[in-house]
Amino acid sequence: MVNKAAEWIDLSGKVAHVTGGAKGIGEAISRALAMAGATVMVSDVNYDSAKAVADDIGGSAMMLDVSDRQAVDQAMEGTAEELGSVDILVNNAGVYIGFGGPVESITDEMWRTLWSVNVDGVFYCCRAAATIMKRQGNGGRIINLASTQAVSPGVGVTYDGSKAAVAQMTRALALELAPHRINVNALAPGPTWVNGGEPPPLDGQTPAKTGDPLADTVANRIARLPLGHWGDPMEQGKAAVFLASDMSSFVTGAYLPVDGGWLTL
């Protein structure tokens, strides 16, 4: 019997566009998709970093601010023109401004800055990519980066609210785009160590209390993670490959936590 399992995860011939793909989780996702055979367009507000990743994985790079609607439309069409199609979109670009409370200290500028990227940007990219995927007629995959904070708040209303919006947007789009064979899913990272060059806290180490109720609650949960350690960005990359490949052909509208057991606490 010929083993067909390798074909389920093979992304050869597919074109993926990864926003915020130059650093951290986005970089890991870009690399993981390329390892699975996809040709990757790495977009980021930092073009030099995006190009360095793209050069290393044999992909392409572009500068993109996802909060700019016209730039997003041009970027998606540009990807299709340069690389031949847009088969996979990973909406990774996002803004985190730290613990966003108390609510009375949150300015309109802080609110709009975060939501313009985390929510508006995801919508703009989904709309542009879906338009192309429907035109191509071959289906597609859209993967939106939500967060465990979407259902287990603790970082503050700005970030937590934005990620909850992404999770619900994902479900709505999955329903709308299913007739076009476009699977839409949310990847929800838990505590993932993205501080390159600096080791994560030791397994089981309890972070020092800060006096900030939000920060101390999150730190306490991290110390009690069932799997006992911070996540590595490539663990999010592996999950993205699953959602981008035929391994998940019957999965749409899902919210997939990759969180070391965070949501079980």
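Here are a few things to note about the model shown:
- Remark on the chain: ratio of C-alpha radius of gyration to 2.2 N^0.38 Å is 0.99.
- Rounded to whole numbers, the Karplus 3J(HN,Hα) couplings from phi for segment 14-20 are 9, 10, 10, 10, 10, 7, x Hz, using 6.51 cos²θ - 1.76 cosθ + 1.60 with θ = phi - 60°, and x at Gly and Pro.
- The angle separating the long axis of helix 69-83 from the principal Cα axis of greatest extent in the chain is about 50 degrees.
- Karplus-derived HN-Hα couplings along segment 27-38 (A = 6.51, B = -1.76, C = 1.60, θ = phi - 60°), whole Hz, x at Gly and Pro: 5, 4, 5, 4, 5, 5, 4, 5, 4, 7, x, 6
- For the chain, the longest principal axis of the alpha carbon atoms and the long axis of helix 213-223 meet at an angle near 70°.
- Total charge dipole magnitude, segment 1-127, about the Cα centre, Cβ charges on Lys, Arg, Asp, Glu only, Debye to nearest 20: 360
- Counting lysine pairs in segment 13-264 whose alpha carbons fall under 17 angstrom apart, excluding pairs fewer than 8 residues apart on the same chain, gives 4.
- For the chain, calculated [θ]222 nm from helices alone, where every DSSP H run of n ≥ 4 adds -39500 (n - 2.57): -13000 deg cm²/dmol
- Based on C-alpha pairs under 8 angstrom that are at least 6 apart in sequence, segment 13-264 has a relative contact order of 20 percent.
- Net charge in the neighbourhood of Val151 (other residues with Cβ under 11 Å of its Cβ; Lys, Arg +1, Asp, Glu -1) is -1.
- Farthest towards the positive end of the charge dipole of segment 13-264, among the residues Gln74, Ala38, Thr192, is the Cα of Ala38, using unit charges on the Cβ of Lys, Arg, Asp and Glu.
- Per-residue Cβ neighbour rank within 10 angstrom, fewest leading, Val151, Val86: Val151, Val86
- The residue list Ile97, Ala61, Ile25 was ranked by how far each Cα lies along the charge dipole of segment 13-264 toward its positive end, using unit charges on Cβ atoms, and Ile25 comes out on top.
- Kirkwood Rh, angstrom, segment 1-91 [1 / mean 1/r, Cα pairs]: 13.1
- Environment charge at Val18 (Cβ cut-off 10 Å; Lys +1, Arg +1, Asp -1, Glu -1): -1
- In degrees, nearest ten, helix 122-136 long axis to first principal axis of the chain (Cα): 20
Computed from the coordinates by the stated procedures, all read-outs in this text should not be read as laboratory data. What you are looking at is a predicted structure, and each value in this text was computed from that prediction instead of being measured. Glycine gets a Cβ as well: all are built from the backbone with ideal geometry, and neighbour counts include every protein chain shown.
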